[in-house]
Amino acid sequence: MITLRKNKVCAIIPFYNEERFIKEVILKSLKYVDLIIAVNDGSTDRSLELIKNIDDVEIILLDRNYGKGMALKAGFSYAVEMGFEIIITIDADLQHDPDLIPNFIEQLKNYDFVIGNRKKLFVVMPFHRILSNFITSFLLSIKLGTKIKDSQCGFRAYKKKVLEKISIHSSGFEAESEIIVKAIKEGFKLGHVDIPTIYGEEKSKIRPFQAIKSFLRILFK
């Protein structure tokens, strides 16, 4: 039986072969949330072994690598079922600083969901990622009539009511754009939190041009 503290905050961390950073991300995030929901998207490395005995971590095992969208969907379903009022999503590769989680929670006082806005985006992000992010953010802003600053940022916070209302069907990274489209169409209010852009030696799993192609399918539905 999971006992929640009064603020009822959880963090969903989808992971696929993230043994280098996942334990650090989880331990840092646990300073600010009641429970980590770690979704193993078919990892074949030591990621699961490194975190399976950490207190206040609930692990969801997917039987193969489905993609980030499916991992998020599994995490959202569990978080809503457990009654968490605030759901954070954060990537497992340490490109997001868990110490900024309180900033996202604070912004939810004024908004229904909050997305990180990576500062100095065009200085340190690889060019193909700049192109992909710029195109998707620009087109979503036009389609929705709402400024979307960084559509591909996975560091987010949601009130439970948002995830109760919408469902996602995309299996890959484009699921994060699908969430934005559906949430805005339902009338939920979007906010942003400025965060640093952190890129080290890790390799992104996003294939930008494939992501754009999948995104366009969402855009023109």
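Values quoted throughout were computed directly from the atomic coordinates according to the rules given, and no laboratory measurement underlies them. Note that this is a predicted model, so its numbers are computed, not measured. With ideal geometry, Cβ positions are generated from the backbone for all residues, glycine too; neighbour counts draw on all protein chains shown.
Taking other C-beta atoms within 10 Å as the exposure proxy, 112, 41, 93, 55 rank 55, 112, 93, 41 from fewest upward.
Look at 10, 153 and count the other Cβ atoms within 10 Å of each Cβ; fewest to most, that gives 153, 10.
In a simple Cβ point-charge model (Lys, Arg +1; Asp, Glu -1; nothing else charged), region 38-124 has a dipole of about 420 debye relative to its Cα centre.
How would 192, 96, 169 line up from fewest to most surrounding beta-carbon atoms within 10 angstrom?
Values: 192 17, 96 27, 169 11.
Listing 192, 96, 169 from fewest to most nearby Cβ atoms yields 169, 192, 96.
Shape descriptor for region 9-145: Rg over Rh equals 0.97 (Cα atoms; Rh from the Kirkwood inverse mean 1/r). Judged by the mean number of other Cβ atoms found within 10 Å, the most tightly packed of the peptides 63-73, 30-40 leads the ranking 30-40, 63-73. In this model, which of 109/189; 109/143; 149/189; 73/147; 31/73; 160/189 are farther than 20 Å apart at the alpha-carbon? Pairs exceeding the cut-off: 109/143; 73/147; 31/73.
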